[in-house]
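Single-structure report; data block below.
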Amino acid sequence: MNKKVIDFKEGEHLQTNLLVANITKGTTNSGAPYLTLTLQDDTKTIEGKLWDVKPEIEKELSIGKVYACEFEVIKYRQTLQLKIIKILPLIQSEIDMNEFIFKSPISKTSLMNGISSAINRIQNEKIAKIVVGLVHEYEDRLYDYPAASKIHHSFMGGLATHITGMLKIADALCEIYPEISYDYLVAGIILHDLGKIEELSGPIVTEYTVPGKLLGHISILQAKLYEIGDALKLGESEELTVLRHMVLAHHGQLEFGSPIRPMTLEAELLYLIDNIDARINTITKALSEVNEGEFTPKLFALEGRSFYRHK
C-alpha cells in the first residue's frame with residue numbers, strides 16, 4: 001500500500017505513486033539542469049527535486065499525471081522535501097484519481113441537500129426562478145468544482161462546500177437580525193461564485209481557462225444573469241437588478257475586483273460572509289500543516305501574515 005504524503009518522515013526511503021501538480025525548470029551553479037516538482041496525493045502536497053535530469057525524463061513528465069516515484073525524504077529549511085531518485089510513468093487509465101486529489105470533507109449528497117433546502121426556502125418567486133435556472137445549468141459541475149485554484153476551498157467539491165458554509169452563517173445572521181432579506185442573501189450566496197465553473201478548468205490540477213483569464217468569474221456570471229433574466233422576461237425587475245448588483249459587488253472593494261461596492265444590506269453581508277468563510281478555510285488549512293507551537297508560512301491572501309497554532 002502506498003504511504004500517504006501526510007505520513008512521510010524525515011530520513012525515509014520510499015517508493016509510492018504521486019501526482020505531478022506542477023513542474024519548474026532550474027539550473028545549478030555548474031549548469032546542470034534540474035526540476036522542482038510539486039507532488040501530491042489526496043492528503044497533502046510536497047516539493048521534490050529531480051537532479052541532473054535527462055531530456056528523455058523531462059519529456060516524459062506532464063502536469064496532472066500520476067507517476068511511480070522513488071525518493072528520500074529530507075528536511076530543507078525546516079520543511080520536508082523529496083530527493084527524487086527515480087520517477088517512472090504509469091498507465092493512467094489504471095489510476096484511481098480519487099487517491100490523488102483533495103476532496104471536500106462533506107459528502108456530495110449532503111452538499112446537494114443543503115443547497116437544495118436553502119433554495120426551497122426562497123419565497124420570492126422571481127428570485128427562486130433565477131436561482132433554480134442557474135443552478136440547473138451548472139449542477140453537473142457545481143458539486144465537483146473547487147472554489148479557487150490555490151487559496152481557499154481549492155479541492156474537489158470546494159465551491160459547493162464554500163456555498164454551504166456561507167449558507168450556515170447566513171442562517172445564523174437572519175435569526176439574529178430579522179431585517180435581513182433571507183431571499184436576497186441566500187440567492188446571492190448561491191449565485192456569487194457560479195462563474196468560477198467557467199473561470200476554472202476543473203478539480204484536477206486547477207488552472208484558469210481562457211474566458212477565466214480574459215473575463216473573470218464576476219463578469220461571466222453577470223452575463224449569465226442577464227441572459228436568464230431575459231429568458232424569464234425579468235430584465236426590468238428589481239429582483240434581477242439587485243441580484244446582479246450583489247454579484248458585481250461581492251468582492252467588496254474596487255481594488256479586489258468588484259466594479260462597484262456593495263449598496264444594499266444583503267450585498268454588504270454577502271461580501272463579509274464570503275470573506276469570513278474563505279479566510280477561515282485558508283487559515284485552518286495552513287494550520288493543519290504545522291505542529292502545535294509553530295507558525296504557518298506567511299499567507300499572501302491574508303496580508304502576508306503568519307498564524308500561530310496553539311494547543
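Here are the numbers for this structure:
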| read-out | value |
| --- | --- |
| Conditions (1) farther than 26 Å from TYR226 by Cα; (2) out of contact with any Ser or Thr (no Cβ under 6 Å at 6 or more places or on another chain); number of the one not met by VAL132 | (1) |
| Residue ID - surrounded by the most Cβ atoms within 10 Å (Cβ to Cβ), chosen from residues in segment 262-296 that are touching an Asp or Glu at 6+ places or on another chain (Cβ under 9 Å) and in a loop (DSSP other than H, G, I, E, B) | PRO262 |
| Count - residues of segment 286-299 that are within 23 Å of GLY165 (Cα to Cα) and touching a residue at least 12 places away in the same chain (Cβ under 8 Å) | 4 |
| Residue list for segment 180-202, restricted to those being under 20 Å from TYR145 (Cα atoms) and either of a type in the set (D, E, K, R) or surrounded by fewer than 19 Cβ atoms within 10 Å (Cβ to Cβ) (or both) | ASP193, LYS196, GLU198, GLU199, SER201, GLY202 |
| In segment 142-163, residue modelled with the highest pLDDT [restricted to those that are hydroxyl-bearing (Ser, Thr, Tyr) and surrounded by fewer than 23 Cβ atoms within 10 Å (Cβ to Cβ)] | TYR143 |
| Complete set of residues in segment 114-124 that are part of a helix (DSSP H, G or I) and surrounded by 12 or more Cβ atoms within 10 Å (Cβ to Cβ) | GLY114, ILE115, SER116, ALA118, ILE119 |
| Any hit, segment 204-211, residues being buried (at least 21 other Cβ atoms within 10 Å of the Cβ), in the same structural domain as VAL131 (by TED's automatic domain parsing) and farther than 22 Å from PRO259 by Cα | yes |
| Any chance ILE101 is assigned to a helix (DSSP H, G or I), touching a residue at least 40 places away in the same chain (Cβ under 8 Å) and either of a type outside the set (Ser, Thr, Tyr) or surrounded by fewer than 22 Cβ atoms within 10 Å (Cβ to Cβ) (or both) | no |
| Lone qualifier among LEU111, LEU82 - being part of a strand (DSSP E or B) and touching a residue at least 24 places away in the same chain (Cβ under 8 Å) | LEU82 |
| Candidates ASP144, ASP171 - the one that is assigned by TED's automatic domain parsing to the domain that holds SER237 and in a loop (DSSP other than H, G, I, E, B) | ASP144 |
| Selection from segment 283-311 of residues that are in contact with a Leu (Cβ under 7 Å, 6 or more places away or on another chain) and closer than 20 Å to VAL5 by Cβ | ALA286, THR296, ARG309 |
| Verdict on ASP52 being modelled with pLDDT of 90 or more, touching a strand residue (DSSP E or B) at 6+ places or on another chain (Cβ under 9 Å) and either of a type outside the set (Val, Ile, Thr) or surrounded by 13 or more Cβ atoms within 10 Å (Cβ to Cβ) (or both) | no |
| So LEU225, is it surrounded by fewer than 13 Cβ atoms within 10 Å (Cβ to Cβ) and not aromatic (Phe, Trp, Tyr) | no |
| Conditions (1) modelled with pLDDT of 95 or more; (2) in contact with a Lys or Arg (Cβ under 9 Å, 6 or more places away or on another chain); (3) loosely packed, with under 14 Cβ neighbours inside 10 Å: number failed by TYR308 | (2) |
| Extreme residue, modelled with the lowest pLDDT, among residues of segment 284-305 that are touching a helix residue (DSSP H, G or I) at 6+ places or on another chain (Cβ under 7 Å) and among the aliphatic types (A, V, I, L, M) | ALA301 |
| Qualifying helices (runs of 4 or more DSSP H) (wholly inside segment 205-254; at least 2 residues being within 30 Å of GLN40 (Cβ to Cβ)) | 210-214, 216-231 |
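The values are calculated or read from the model by the stated rules, or taken from the named source; none is laboratory data. From a predicted model like this one, the values you see are computed outputs, not experimental measurements. In this analysis, Cβ positions are derived from the backbone assuming ideal geometry, glycine residues included, and neighbour counts consider all displayed protein chains.
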